[in-house]
Amino acid sequence: MKRNVEIKARVTDLAAVRERAERLADSGPIELEQEDTFFGCPRGRLKLRRFLDCELGELIYYERPENAGPKESRYLVHPTADPEGLRDVLGAALGAAGVVRKRRVVYLVGPTRVHLDEVEGLGAFVELEVVMPPGQDSAQGAATARTLMAQLGIAPAQLVDRAYVDLLGEP
């Protein structure tokens with residue numbers, strides 16, 4: 001499985017974070033509209049991501065701990081040209097567990113994907129995904145994430161320990 005080290009943080013001024021990200025970025029921005037449908041899964045998480053500006057999608061399986069700090073995530077991604085049909089099959093077989101809709105702006109800063117997210121029903125967030133090459137210690141990825149958090153003005157108190165789908169389900 002591929003690996004990365006991730007953080008998710010709630011932010012109040014996404015425009016300020018975007019300005020900082022633009023100064024640091026090696027590439028971007030890429031603007032996306034996404035809909036993630038989560039399915040029942042005995043371990044980890046399974047979601048189908050539909051890109052709303054085209055007819056493509058990705059089936060994504062991932063495993064990661066639910067804590068607020070930088071954490072290792074292991075994942076598999078498989079592209080699909082028929083996300084709606086796949087959603088119907090998976091929903092019938094596994095049951096849909098929730099849907100997350102978001103606008104995402106992506107920058108690349110070194111080995112890190114910086115996601116600036118506006119999540120329907122939740123607000124503004126930043127996700128960092130430090131891509132880990134085979135054999136790299138996750139502690140190095142965590143250090144990279146912490147450094148970038150500081151550069152973007154994200155404080156540890158802003159970190160979130162759950163997936164968007166879980167946050168949507170909270171009262």
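The values are calculated or read from the model by the stated rules, or taken from the named source; none is laboratory data. What you see is a predicted model, and the numbers here were worked out from it, not measured in a lab. Here the Cβ positions follow ideal geometry from the backbone for every residue, glycine too, while neighbour counts run over all protein chains shown. We work out accessible area using only protein heavy atoms, side chains counted, and drop any ligands, DNA or RNA first. Shrake-Rupley method; radii C 1.70, N 1.55, O 1.52, S 1.80 Å.
Assorted remarks:
- Residue list for the stretch 4-40, filter: open to solvent by 20 Å² or more (accessible area, probe 1.4 Å) and either β-branched (V, I, T) or touching a helix residue (DSSP H, G or I) at 6+ places or on another chain (Cβ under 7 Å) (or both): R10, T12, R20, L24, I30, G40
- There is no residue in the stretch 13-27 that is farther than 22 Å from V160 by Cβ and modelled with pLDDT under 95.
- Search result, residues across the stretch 99-137 that are at pLDDT below 95 and either in contact with a His (Cβ under 8 Å, 6 or more places away or on another chain) or among the small types (G, A, S) (or both): G135
- Residue, surrounded by the most Cβ atoms within 10 Å (Cβ to Cβ), within the stretch 123-169, restricted to residues that are charged (D, E, K, R) and under 12 Å from V5 (Cβ atoms): E129
- One residue stands out among those in the stretch 6-32 that are part of a strand (DSSP E or B) and of a type in the set (A, V, I, L, M): the one that is nearest to the chain's Cα centre (by Cα), which is I7.
- So V105, is it crowded, with 18+ Cβ neighbours inside 10 Å and in contact with a Phe, Trp or Tyr (Cβ under 8 Å, 6 or more places away or on another chain): no
- Residue in the stretch 55-77 that is farther than 26 Å from P133 by Cβ and surrounded by fewer than 19 Cβ atoms within 10 Å (Cβ to Cβ) present: yes
- Residue in the stretch 28-49 that is on the phi < 0 side of the Ramachandran plot and in contact with a His (Cβ under 8 Å, 6 or more places away or on another chain) present: no
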